[in-house]
Amino acid sequence: MRSRSTPIQLLKLTVFVLLAITITLASLLPSKQSFLLFLSHHKLLLFSLLWCKLVALLAYARARPLPVYLLDFSCHKPGPDSRGSYEICEYFGRRSCKHSAESEAFMRAIYRKSGLGDETYAPPFIFQTDYKAKFQYAIVEAEDGMFSCVAHLLAKTDVDPSRITVLVAACSMFSPSPSFTSMLVQRFKLSPSVKTFNFSGMGCSAGTMSFDLAATILRRQVGYALIVVTESTSLNWYFGDNRHMLVTNCIFRAGTAAALVTSDPAQRERAKMEVVRTLRTHHGADDAAYNAAIQMEDEDGHVGVALTKDLVRVAGVGLRNHISRLAPRVLPVSELLRYVYNVARSFLAGDRKAVHVPDFTTAFEHMCIHAGGKAVIDAVGRLMKFEEEVVEPARMCLHRFGNTSSSLVFYELAYFEAKGRIKIGDRVWMLAFGTGFKACSVVWRALRDSRIDPDNPWKDCIHRYPVSL
């Protein structure tokens, strides 16, 4: 199928045609004076050309994509009674009597080398006495995180809920009815005209993909988009003995984040960052990529998410494909030329197996890298040839909060703010992977120096980080 031309492309074509007509007329006449004399005798033509150019320029100005700003964001931090330390998780696993001794030993080993600390937060049902994942606990977990985040966000941005025109809610593993967006509309009394979108099954990439969707909508019209990303671990705790599925019990933890983005030019002075570009790639056509992380039943009928041994390799392949598309759009010309030179030199030297990676630190001052697990962080750092200081925020986020799925990039951004590292003009790269297999990038430009907010989840512990792992 032929793709339709966008309004911007049509307007550019119109301006080009008008310019071509003007140049053609000028070239056909022997001199500049003749051209001016011709126009003076054909005032209707002159007026038509000027009028068409003016209309085209005005239309182009109106159809240009609007800048999109991150007004603010908020991350949920559960109370201390929700701490999911190693001892609590081991106690729950043994008292539930759902796992074999071999599975308990396996989870113990995975936990100890997972990179998680003892201050992550567990789902509510773990602290109950019946040791069963129930629907009511999943609702409590979702409402506690979402309502708390959004309330804090609206309070510190001072934006009336009625001004929100777009609402995006993302939760990969839990999709109740009414939906999460309906819960939020009902709780915060959003306008009846609000456009709502629910993401499910998107995995850890749902947070960045929510930004991509919101930015795409807001670039066309002035408005406000509320993004709420969470994950339900309450109904997705695995009670079987399949080792591929047991890993999720060891690394996934409770977490929620909310962000408010806008295309209102009047809010630029208050905004923290501006969206520079977004990029999404989907690698699900490959069987290995599709099955790398998949929800399924085990041999005994227990449902869980299987993380295969191929996951790290798939992430590496997906990342290479993703950055090959992103690099020409973000890297400076000097770095692109250096990369081309290195590739050409290796090729001419007969070393066709040499792997060259552009230096992305020349494009970004800060990077919120997918903190899906220690092995994933190691693989990204190795593939991209990052220094340890580049992957430090991802490791510290995994240590303090665990894998909070789609909200993890928000907790990393909060880490940068708590450290006061982001300065005006700095570029920030958010990169996340999702089941399917998907990769999504969001590139930001800071509009002001960062500072630690009162609701920053790192506020009471940032002085202890980074820690040695």
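The values are calculated or read from the model by the stated rules, or taken from the named source; none is laboratory data. Here the structure is a predicted model, which is why all the values come from computation and not from measurement. Cβ placement follows ideal geometry from the backbone for every residue including glycine, while neighbour counts extend to all protein chains displayed. Only protein heavy atoms, including side chains, enter the accessible area calculation; ligands, DNA and RNA are left aside. Shrake-Rupley method; radii C 1.70, N 1.55, O 1.52, S 1.80 Å.
Points to keep in mind about this one:
- Distance (nanometres) between label positions extended 7 Å along Cα→Cβ at residue 337 and residue 310: 4.3
- Theoretical gain in end-to-end length, residue 97 to residue 182 [0.36 nm per residue, Cα-Cα removed]: 26.9 nm
- Over the chain: helical MRE at 222 nm, DSSP H runs n ≥ 4 each giving -39500 (n - 2.57), nearest 500: -14000 deg cm²/dmol
- Above-threshold pairs, the threshold being 25 Å between Cα atoms, out of 374/423; 77/374; 156/374; 374/419; 77/98; 385/438: 374/423; 156/374; 77/98
- Computed from backbone phi, the HN-Hα couplings of segment 346-351 come to 5, 5, 5, 7, x, 9 Hz, rounded to whole numbers (Karplus: 6.51 cos²θ - 1.76 cosθ + 1.60, θ = phi - 60°; Gly and Pro given as x).
- Segment 312-469: relative contact order as a whole-number percent, Cα under 8 Å and 6+ apart: 22
- Only Lys, Arg, Asp and Glu carry charge here, each on its Cβ (+1 for the first two, -1 for the last two); on that basis the chain has a dipole of about 2120 debye about its Cα centre.
- Cα lying deepest toward the dipole's positive end in the chain, options 433, 422, 279, charges on Cβ: 279
- Assigned charges on the beta-carbon of Lys, Arg, Asp, Glu; segment 72-134 dipole about Cα centre (debye): 200
- Summed side-chain charge close to residue 421 - residues other than residue 421 whose Cβ falls under 12 Å, Lys, Arg +1, Asp, Glu -1: -4
- With R₀ fixed at 35 Å, the C-beta to C-beta distance from residue 127 to residue 351 puts the FRET efficiency at about 0.05.
- Proximal aspartates and glutamates relative to residue 189, as straight alpha-carbon distance under 12 Å, when same-chain residues fewer than 8 apart are discounted: 160
- Residue 383/residue 162 FRET efficiency (R0 51 Å; Cβ-Cβ; nearest 0.05): 0.65
- Positive-pole candidate from 326, 193, 146, dipole of the chain, charges at beta carbon: 326
- Apportionment of accessible area to carbon and sulfur, segment 273-372, percent (1.4 Å): 54
- Alpha-carbon centroid distance for the pair segment 87-140 / segment 323-355, whole angstrom: 46
- Probe 1.4 Å - accessible area at residue 97, Å² to nearest ten: 110
- Cβ-based net charge around residue 118, under 12 Å, with every Lys or Arg adding one and every Asp or Glu removing one: +1
- Whole-percent pair-distance distribution, where bins are 10 Å wide, for the alpha carbons of the chain: 4, 18, 27, 23, 14, 7, 4, 2, 1, 0
- Taken about its Cα centre, segment 386-440 carries a charge dipole of roughly 180 debye when the Cβ of each Lys and Arg holds +1 and the Cβ of each Asp and Glu holds -1.
- Estimated distance in nm for a label pair at residue 423 and residue 329, the labels positioned 7 Å out from Cα along Cα-to-Cβ: 2.8
- Filtered chymotrypsin sites (Phe, Trp or Tyr not before Pro), segment 130-236: DSSP coil and at most 16 other beta carbons within 10 Å: 131
- Each of residue 140 and residue 362 was given a label point 7 Å from its Cα along the Cα-to-Cβ line. The distance between the two points is 5.4 nm.
- Taking each residue as 0.36 nm, the span from residue 274 to residue 86 lengthens on full extension beyond its C-alpha to C-alpha distance by 63.7 nm.
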